[in-house]
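Quick notes on the structure that follows.
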Amino acid sequence: MKHLLITAASLTIAAVGLAAVPAEAGPFDKLKKAVKKVEKTAEDANDVVDTVDDAQRTNGRSLLGAAASSRTVATATGGAGRAGPVPAKYASLTQCAGLPIDNAFIGKWGDYTFQKGLSQESRSGVIDREPVSASNGCFMPSMGSGDVLYMEVPAKQWAAMKGSWKMQCVDMATGQNAHPSALPSWSNVSGKDIMLHTGNSLGYTPTASGSNASRSGAWDADLERRGMHMLGFNMPNLHTDKGTDFYCQYYNEASGKSVVAFAYRRSATMR
């Protein structure tokens, strides 16, 4: 079995060795050199074997921060589901910004209901929430198309990080930069999506009544009271994609550090 794993790892390394990463990848421009170093070397073949062994021991959960719940992911490339473990050669290129991550969960977009007198009304928001936590500073569990990652960081520390933020992603199989269409969105989760209407059928708290705008305002006020800043990311799908695993980081260009990093699998349908 070990011989087969080493053979498979050698083929994987050879394939990855052919990848090229454009210069505009920021810190990911190191990928090209990093990948060349691993080509056809026994040491890195053993690293891949260890990664496969670790994935088997963890039932496919991400090695970079498995959730507290019984989340599982598909480890083989292809098909729907969540991405497999991130190879160390990619994760090692991420420098965590050191901002403490709190109140993090993975959910999805959907509808919920609440009673208003005799009328049952419906609203949309982030539902099916699974609490998660970061490992090694900023690495989140792996995700799939349709997953939404919500998290909070201290507002003062966030404001102190000058410079612009950008999403960077690479194809984990090739090491190449992801097409812009594969980048997770990072600015379309608002307070109304988190602060659900009072009496919501899901039982999430805290809650607020009123319009979407008023609930967003209530959530912003709650964040301010707690001194926190919220971040939300959602994973796209592509109707022609049979399953591609990407490794991404939300990267600060001034510091060269990332507030969060994660893998996700893009597939044709939402997970």
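The values are calculated or read from the model by the stated rules, or taken from the named source; none is laboratory data. If you're wondering where the values come from, they're calculated on a predicted model, not measured in any experiment. Positions of Cβ are backbone-derived with ideal geometry, glycine not excepted, and every protein chain shown enters the neighbour counts. Note: accessible area is taken over every heavy atom of the protein model, side chains too, but ligands, DNA and RNA are not part of it. Shrake-Rupley method; radii C 1.70, N 1.55, O 1.52, S 1.80 Å.
So the values come out like this:
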| quantity | calculated |
| --- | --- |
| Where T205, T113, T240 fall by accessible area, highest first, once all protein chains stay in place (1.4 Å) | T205, T240, T113 |
| Net length gained if the chain between A268 and T198 were fully extended (0.36 nm per residue, minus Cα distance) | 21.7 nm |
| Which listed pairs, of K108/K257; K116/K156; K89/K242; K192/K242, have C-alpha distances above 30 Å, in listed order | K116/K156; K192/K242 |
| Protein-only accessible surface order, largest first, of M161, M167 at 1.4 Å | M161, M167 |
| Solvent accessible area, Å² - D128, 1.4 Å probe, full protein context | 80 |
| Formal net charge of residues neighbouring H197 (Cβ-Cβ distance under 11 Å; K, R +1; D, E -1) | +3 |
| Net charge of Cβ neighbours under 14 Å - reference W219; Lys, Arg +1; Asp, Glu -1 | 0 |
| Carbon + sulfur, % of accessible area of the stretch 176-271 - ligands and nucleic acids excluded, 1.4 Å | 52 |
